[in-house]
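**Q** A single structure is presented below for examination.
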Amino acid sequence: AEGIYRLARWYVISGMVPDSLRGSDAESTQAKVAIAISAGIAVGLTHTQAVASVMVVNNRPCMWGDALVAVCRRSAECVAIECADDGSASTCTAKRMRKLPDGSFHTESVVHTFSQRDAETASLTNKGPWKSNPARMRQNRARAFALRALFADLLMGIGFAEEEQDIADMRRTERVAGSTEAARGAAASLGAPEPAPAPDAPQTPATSK
């Protein structure tokens with residue numbers, strides 16, 4: 001732990017710390033970097049790879065999509081990770097070969113699809129990356145779900161950074177909406193005075209011909 005914390009200090013002193021790991025001051029930044037390095041080492045990354053690939057979202061360490069693939073591909077049990085997009089949905093197929101206690105081998109497959117409709121249901125399509133590169137974002141989601149299901153023992157519960165960021169954004173939106181509704185409710189409970197009726201228009205006396 002002391003060695004990891006010392007490594008983290010070197011990153012802080014050098015200034016080579018990604019924005020996602022920067023805290024409110026040098027000490028909190030060093031702590032975040034140390035946590036990122038620890039999380040990366042747990043899944044087989046070097047400290048340099050961990051600082052580049054791990055970020056803290058929702059107070060938990062997460063990895064970017066490509067880092068998830070790298071951790072799974074380096075396993076001798078990984079057979080294939082294949083993704084395809086048809087313009088409206090991305091499908092990821094992950095295959096893994098396990099050696100059973102009797103010496104035989106068993107191949108296990110997981111297929112997961114994430115569609116544009118899924119993205120719309122999750123209120124993701126209005127975000128910048130989903131507008132500029134929806135196919136890539138669908139692929140990241142489908143791939144993350146498939147890999148976490150098949151390689152849970154390798155990923156050790158490390159979150160998917162893009163998904164955690166979306167969750168954080170949704171919670172932020174819900175908090176803002178809740179505050180707005182609370183403010184409206186409070187204003188309504190106070191009772192706004194009804195506007196005074198408009199004065200009657202003056203009557204023009206009729207003129208006789």
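**Q** Counting just the residues of region 126-136 that are within 14 Å of the chain's Cα centre (by Cα) and open to solvent by 30 Å² or more (accessible area, probe 1.4 Å), which one comes out nearest to S75 (Cα to Cα)?
**A** Among them, the one singled out is P129.
**Q** Does S38 satisfy the condition of being touching a residue at least 12 places away in the same chain (Cβ under 8 Å), at negative phi, in contact with a Lys or Arg (Cβ under 9 Å, 6 or more places away or on another chain) and among the hydroxyl-bearing types (S, T, Y)?
**A** In short, no.
**Q** For residues that are open to solvent by 60 Å² or more (accessible area, probe 1.4 Å) and either acidic (D, E) or in contact (Cβ under 8 Å) with a residue 60 or more places away in the chain (or both), scanning just region 78-117, find the one that is farthest from E164 (Cα to Cα).
**A** Once the filter is applied, the top-ranked residue is D102.
**Q** Given the criteria open to solvent by 30 Å² or more (accessible area, probe 1.4 Å), within 23 Å of V51 (Cα to Cα) and either of a type outside the set (D, E, K, R) or touching a strand residue (DSSP E or B) at 6+ places or on another chain (Cβ under 6 Å) (or both), does Q165 qualify?
**A** yes
**Q** Still on this structure, I have one more. Which pairs have Cβ atoms under 7 Å, sit 6 or more apart or on different chains, and link a residue in region 55-74 that is surrounded by 18 or more Cβ atoms within 10 Å (Cβ to Cβ) to one that is acidic (D, E)?
**A** Final answer for the pair search is V57/E164; C62/E164; G65/E162.
**Q** Of all residues in region 142-160 being open to solvent by less than 40 Å² (accessible area, probe 1.4 Å) and over 18 Å from S53 (Cβ atoms), which is farthest from the chain's Cα centre (by Cα)?
**A** L150
**Q** Can you give me the number of residues within region 121-135 that are within 28 Å of K95 (Cα to Cα) and either touching a Gly at 6+ places or on another chain (Cβ under 9 Å) or not in a helix (DSSP H, G or I) (or both)?
**A** Matching residues across region 121-135 total 3.
**Q** With the structure loaded, tell me whether E27 is charged (D, E, K, R), at pLDDT 90 or above and open to solvent by less than 70 Å² (accessible area, probe 1.4 Å) or whether it fails that test.
**A** no
The values are calculated or read from the model by the stated rules, or taken from the named source; none is laboratory data. Just so it is clear, the structure is predicted and the values come from calculations on it, not from any experiment. Cβ sites come from the backbone with ideal geometry, for glycine too, and all protein chains shown count toward neighbours. Note: accessible area is taken over every heavy atom of the protein model, side chains too, but ligands, DNA and RNA are not part of it. Shrake-Rupley method; radii C 1.70, N 1.55, O 1.52, S 1.80 Å.
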